[in-house]
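**Student:** What follows is a single structure, and I will ask about it in a moment.
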Amino acid sequence: MLAKVFSCATIGLDAELIEVEVDLSTGLPGITVVGLPDAAVRESRDRVQAAIKNSGLSFPTKRLTINLAPADIRKEGPVYDLPMAVGILAASQQIWFHALDDSLFIGELSLDGSVRHVPGTLPMAVLARQNKYKRIFVPAVNAGEAALVPEIEVIPVTSLTQLVSHLTGLRPIPPYTISIEDLFQSEPQYAADFADIMGQEHVKRAMEVAAAGGHNVLLTGPPGTGKTLISKSLPSILPGMSLDEALEVSKIYSVAGLLPPDKPLIKERPFRAPHHTISYAGLVGGGAVPRPGEVSMAHRGVLFLDELPEFGQRLIEVLRQPLEGLPREVSISRATGTVTYPASFMLVAAQNPCPCGYFGDPTHACTCSSSMITRYQKRISGPLMDRIDIHVDVPRVAFEKLTAVRRGKARP
């Protein structure tokens with residue numbers, strides 16, 4: 001008996017249709033998975049078998065061959081657990097074949113049959129709509145992001161038992177719906193408000209100019225002058241994102257597995273502040289299984305690099321291409337192919353004027369020699385400095401300004 005179930009794979013920010021074929025034949029009991037699976041997919045055999053048994057269903061004691069087509073695409077992750085289980089149940093005639101028509105299945109199974117979160121649900125739902133599928137079965141925790149895609153029925157699944165009851169008609173699962181307009185129109189929440197900053201009028205003016213024109217900024221000043229706070233409050237004065245931009249950013253976070261279940265649509269401008277010890281793959285993306293890096297997570301928002309000279313030179317120089325190239329994106333090449341992620345962000349960097357941080361400070365004496373200061377300032381190459389449009393000195397704020405009761409007013 002042969003059963004066919006359709007699922008998805010994510011490649012970059014896009015999804016590809018995957019056909020899960022399950023063949024039940026006579027022979028020694030066992031499960032063989034073919035179709036270029038990785039270790040996580042091969043381990044699905046044990047998860048699926050335990051989930052079916054612990055859900056009170058019958059696991060066939062025959063020879064099972066599972067093919068993931070097309071075979072030239074490498075299959076990664078546990079997203080195929082649920083379609084494998086559905087295919088096995090259909091091949092063993094425990095659910096009806098016609099119940100699988102016009103449907104996509106994605107989800108990871110635990111040993112007790114519950115369905116867990118999988119990354120990349122949003123681009124998978126987009127693929128389902130593009131290919132004229134009527135419905136998509138997703139983990140209940142991912143239903144919010146899948147429901148952002150109109151014209152498709154989203155069925156939230158919490159367990160394999162619940163799914164079987166739905167497919168057999170015993171207990172249908174109501175589709176999950178969400179109002180994109182209500183989500184998008186709610187007031188965005190930012191970590192810091194530009195209106196709360198006291199003093200530093202010329203720095204705030206420079207940041208307003210940068211926000212209006214999308215310019216890159218370098219803040220130079222001693223410790224404690226508010227460089228980080230000013231940078232963190234920059235998204236609060238940036239223009240609001242359009243719905244298309246919000247969906248684009250949400251898609252990146254969905255692929256990265258960082259989209260909160262209670263907040264499926266990201267409508268605030270992203271603010272990413274990686275530590276200077278971050279790896280190359282963490283900053284620009286990559287890894288054995290390519291994933292978006294910080295430059296892509298900051299898409300349509302702000303990438304803040306604190307203590308810029310402390311970042312490795314290779315890390316800093318790799319920013320030259322996304323800061324100037326059009327379209328602003330990064331490409332990650334592997335033996336299996338190339339994936340491209342968008343990287344249109346504002347770069348805000350902060351640095352001390354010298355290693356000790358107090359060169360030119362009127363209240364603290366600098367302990368650095370002139371050669372140390374020169375070497376420190378030359379850690380940033382000229383070509384990268386040319387790509388930073390606005391350079392601002394951030395002096396220490398007078399005590400009177402910090403204790404003033406007047407509160408700034410943020411621009412609408």
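**Student:** Could you state the per residue volume, in Å³, of the convex hull enclosing the Cα atoms of the stretch 1-79?
**Tutor:** Looking at the stretch 1-79, the number lands at 95 Å³ per residue.
**Student:** Using alpha carbons only, how many degrees (0 to 90, rounded to 10) separate the axis of helix 243-256 from the longest principal axis of the chain?
**Tutor:** 70 degrees
**Student:** Right, next: Before anything else, pin down the relative contact order of the stretch 224-274: Cα pairs under 8 Å, at least 6 apart, normalised by residue count, whole percent.
**Tutor:** Once divided by the residue count of the stretch 224-274, the mean separation gives 47 percent.
**Student:** Here is a further query. Round to the nearest 0.05 the FRET efficiency obtained for residue 277 and residue 185 when R0 = 41 Å and r is the Cβ-Cβ distance.
**Tutor:** E between residue 277 and residue 185, to the nearest 0.05, is 0.55.
**Student:** Now for a separate question. Two-decimal Rg/Rh of the stretch 105-154 from alpha-carbon positions, Kirkwood Rh?
**Tutor:** 0.98
**Student:** Compute the long axis of helix 44-54 from its Cα atoms, compare it with the longest principal axis of the Cα atoms of the chain, and write down the angle in degrees, 0 to 90, nearest 10.
**Tutor:** 60 degrees
**Student:** In whole percent, and with a 1.4 Å probe on the protein chains, what portion of the accessible area of the chain is carbon and sulfur?
**Tutor:** Heavy-atom surface of the chain belonging to carbon and sulfur, 1.4 Å probe: 53 percent.
**Student:** Hey, if we sort 198, 1, 124 by accessible area with the 1.4 Å probe, largest down, what's the order?
**Tutor:** 1, 198, 124
**Student:** Work out the length of the dipole vector of the chain about its Cα centre, built from +1 on the beta-carbon of each Lys and Arg and -1 on the beta-carbon of each Asp and Glu, and round it to the nearest 20 debye.
**Tutor:** 460 debye
**Student:** Right, something else. With labels modelled as points extended 7 Å from the Cα through the Cβ direction, what inter-label distance (nm, one decimal) is found for residue 229 paired with residue 391?
**Tutor:** With each label placed 7 Å out from Cα toward Cβ, I get 2.7 nm.
**Student:** Same structure again: Compute, for the stretch 221-311, the length of the dipole vector about the Cα centre, with Cβ point charges of +1 (Lys, Arg) and -1 (Asp, Glu) only. Units Debye, rounded to 20.
**Tutor:** 120 debye
**Student:** With the crude spin-label approximation of a point 7 Å out along Cα→Cβ, what separation in nm comes out for residue 97 versus residue 173?
**Tutor:** The two pseudo-label positions are separated by 2.4 nm.
**Student:** Same structure again: Add -39500 (n - 2.57) for each DSSP H run of 4 or more in the chain, then divide by its residues: what number comes out at 222 nm, to the nearest 500 deg cm²/dmol?
**Tutor:** Taking each H run of at least 4 residues, the total per residue is -7500 deg cm²/dmol.
**Student:** With just the Cα atoms of the chain, tell me how far they stretch along each of the three principal axes, in Å, largest first.
**Tutor:** Rounded to whole Å, the extents work out to 85, 43, 36 Å.
**Student:** Right, next: Just want to confirm a number: the relative contact order over the chain, from Cα pairs under 8 angstrom separated by 6+ residues, in percent.
**Tutor:** 15 percent
**Student:** Still on this model: On full extension of the chain, what length is gained from residue 110 through residue 63, given 0.36 nm per residue of separation minus the C-alpha to C-alpha distance?
**Tutor:** The span from residue 110 to residue 63 would gain 14.6 nm if fully extended.
**Student:** For the stretch 183-296, what class follows from the C-alpha gyration tensor (a ≥ b ≥ c being the square roots of its eigenvalues): rounded when a/c is under 1.5, otherwise prolate if a/b is larger than b/c, else oblate?
**Tutor:** oblate
**Student:** Also, I was wondering about something else. Of the DSSP beta bridges with both residues in the chain, give the percent that are antiparallel, rounding to the nearest 5.
**Tutor:** Within the chain, antiparallel bridges account for around 50 percent of the total.
**Student:** From the residues 246, 226, 152, which one has its Cα farthest along the dipole of the chain in the positive direction, the dipole being from +1 and -1 charges on Cβ of Lys/Arg and Asp/Glu about the Cα centre?
**Tutor:** The listed residue farthest towards the positive side: 226.
**Student:** Same structure, new question: If each residue of separation counts as 0.36 nm, what is the full-extension length gain between residue 243 and residue 2 once their alpha-carbon separation is subtracted?
**Tutor:** 82.5 nm
**Student:** Here is a follow-up. For the chain, find the longest principal axis of its Cα atoms and tell me its angle to the long axis of helix 201-213, 0 to 90°, nearest 10.
**Tutor:** 40 degrees
**Student:** Let me ask something additional. Identify the trypsin sites (Lys or Arg not before Pro) of the stretch 128-189 meeting these criteria: DSSP loop state and at most 10 other C-beta atoms within 10 Å of the C-beta.
**Tutor:** 132
**Student:** What do you get for Rg/Rh of the stretch 178-226 when both radii come from the Cα atoms and Rh is the Kirkwood radius?
**Tutor:** Ratio of gyration radius to Kirkwood radius: 1.13.
**Student:** Towards the positive end of the charge dipole of the chain, with charges on Cβ (+1 Lys, Arg; -1 Asp, Glu), say which of 367, 255, 318 has the farthest Cα.
**Tutor:** 367
**Student:** Under a Cβ-only charge scheme (Lys and Arg +1, Asp and Glu -1), can you give me the dipole magnitude of the stretch 63-135 about the Cα centre, in debye to the nearest 20?
**Tutor:** Value, rounded to 20: 180 debye.
The values are calculated or read from the model by the stated rules, or taken from the named source; none is laboratory data. Since this is a predicted model, take the numbers as computed values, not measurements. Glycine also receives a Cβ, built like all others from the backbone with ideal geometry; neighbour counts cover every protein chain displayed. Heads up: the accessible areas ignore ligands, DNA and RNA and are worked out on the full protein's heavy atoms, side chains in. Shrake-Rupley method; radii C 1.70, N 1.55, O 1.52, S 1.80 Å.
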